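K.L.:
To start, I am sharing the structure in question, which I have written as structure tokens.
The values are calculated or read from the model by the stated rules, or taken from the named source; none is laboratory data. Keep in mind the model is a prediction, meaning the values are calculated, not measured. Heads up, the Cβs are rebuilt from the backbone with ideal geometry, glycines too, and the neighbour counts pull from every protein chain shown.
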Ligand code: SF4
């Protein structure tokens, strides 16, 4: 993942924290006399609590930025960075909307930062059970075979959709593969399979919500491609899924640096 893709989320989050601190200070300044009337010393207590919260989130973002940019695990647990990412995501999206930025662009940046953090902490995943989680829309709409849930073996490997290629990749790397029809089934599969990490293919919306819902479980997101519009006959660049599997397997030699959602030919 290239630097500029990750930078967007971090820059908006940094700007958002600064703006929030400025607004919080203004509010605190305006209501301080009233707070003091309620209880002498209350303004200082409220101010100190707000400062502490801002400090913790700023440090969290700093550690996330450093880890995502350097690709090294820097004094963090997935639980802490996950909490900070989860807290930061809604205000970042709101700020981006105020700046009239394309939502999906910000979500792609969030996914890129998340992926960098997952890779930075991959030592805790390597060797453990991984799961390849796919959306139903990757299957050809006119395919008569039911492959959702635990029925992936029903795929005949005819090659009319990308499921055949993903299945052979999963077999090559020894990963269980599950096609989920939605968030509820995906959550059930995660509970049943108990993986230490997930490689998930989906659109920007499903990936960001899936990643946030699954924290602290590491989810490496690969964006699908939608040549026929959303949720219908989608596909995915197999080289990106293979790269993710190779990175988790510790075989990163020859893995090309790609931006989230972009395959070797540069097709978005
Ligand atoms: S590759 Fe599998 S899922 Fe896709 S159309 Fe063929 S049989 Fe159906």
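K.L.:
Could you tell me whether segment 192-202 includes any residue that is more than 18 Å from the chain's Cα centre (by Cα) and exposed (fewer than 13 other Cβ atoms within 10 Å of the Cβ)?
P.N.:
Yes, segment 192-202 has at least one match.
K.L.:
For segment 127-138, name all the residues that are surrounded by fewer than 22 Cβ atoms within 10 Å (Cβ to Cβ) and either in contact (Cβ under 8 Å) with a residue 60 or more places away in the chain or within 22 Å of residue 206 (Cα to Cα) (or both). Steps first, please.
P.N.:
First, the residues of segment 127-138 that are surrounded by fewer than 22 Cβ atoms within 10 Å (Cβ to Cβ): 127-129, 136, 138.
128, 129, 136, 138 - these are the residues of segment 127-138 that are surrounded by fewer than 22 Cβ atoms within 10 Å (Cβ to Cβ) and either in contact (Cβ under 8 Å) with a residue 60 or more places away in the chain or within 22 Å of residue 206 (Cα to Cα) (or both).
K.L.:
Further question: Those residues that are within 16 Å of the ligand (Cβ to nearest atom) and assigned to a loop (DSSP other than H, G, I, E, B), I need them from segment 108-138; list them, please.
P.N.:
Within segment 108-138, none qualify.
K.L.:
Going by the structure shown, is residue 241 crowded, with 19+ Cβ neighbours inside 10 Å and assigned to a strand (DSSP E or B)? Give the steps one after another, and end with the answer.
P.N.:
On the way: crowded, with 19+ Cβ neighbours inside 10 Å: yes; assigned to a strand (DSSP E or B): no.
No: the conditions fail for residue 241.
K.L.:
Let me ask another. Quick one: count up the residues across segment 139-163 that are assigned to a helix (DSSP H, G or I) and either near the ligand (Cβ under 8 Å from one of its atoms) or not assigned by TED's automatic domain parsing to the domain that holds residue 217 (or both). Show your work before the answer.
P.N.:
Our first condition is that a residue be assigned to a helix (DSSP H, G or I); within segment 139-163, this holds for 152-154, 163.
Cutting the leftovers down to either near the ligand (Cβ under 8 Å from one of its atoms) or not assigned by TED's automatic domain parsing to the domain that holds residue 217 (or both) gives us 154, 163.
Residues meeting the conditions: 2.
K.L.:
Still on this structure, I have one more. Quick one: would you say residue 215 is under 30 Å from residue 86 (Cα atoms) and surrounded by 21 or more Cβ atoms within 10 Å (Cβ to Cβ)?
P.N.:
Working: under 30 Å from residue 86 (Cα atoms): yes; surrounded by 21 or more Cβ atoms within 10 Å (Cβ to Cβ): no.
When the stated conditions are applied, residue 215 does not pass them.
K.L.:
Between 47, 14, which is farther than 26 Å from residue 248 by Cβ, under 22 Å from the mean Cα position of the chain (by Cα) and surrounded by 15 or more Cβ atoms within 10 Å (Cβ to Cβ)?
P.N.:
Numbers: 47 fails: under 22 Å from the mean Cα position of the chain (by Cα).
Only one candidate qualifies: 14.
K.L.:
Within segment 171-182, restricting attention to residues that are away from the ligand (no atom under 13 Å from the Cβ) and closer than 23 Å to residue 144 by Cα, which residue is modelled with the lowest pLDDT?
P.N.:
Start the filter on segment 171-182 by keeping residues that are away from the ligand (no atom under 13 Å from the Cβ), which leaves 171-176, 178, 180-182.
Remaining after also requiring closer than 23 Å to residue 144 by Cα: 171, 176, 178, 180-182.
Values: 171: 94, 176: 92, 178: 94, 180: 90, 181: 87, 182: 80.
Checking each candidate, the answer is 182.
K.L.:
Condition first: within 20 Å of residue 227 (Cα to Cα), more than 16 Å from the ligand (Cβ to nearest atom) and out of contact with any strand residue (DSSP E or B) (no Cβ under 8 Å at 6 or more places or on another chain). Can you find one or more residues in segment 188-207 that meet it? So that I can check it myself, show each step before the final result.
P.N.:
Step one: of segment 188-207, the residues within 20 Å of residue 227 (Cα to Cα) are 200-207.
Now restrict to residues that are more than 16 Å from the ligand (Cβ to nearest atom): 200, 202-207.
After this cut, where a residue has to be out of contact with any strand residue (DSSP E or B) (no Cβ under 8 Å at 6 or more places or on another chain) as well, the list is 205.
Yes, segment 188-207 contains a residue that is within 20 Å of residue 227 (Cα to Cα), more than 16 Å from the ligand (Cβ to nearest atom) and out of contact with any strand residue (DSSP E or B) (no Cβ under 8 Å at 6 or more places or on another chain).
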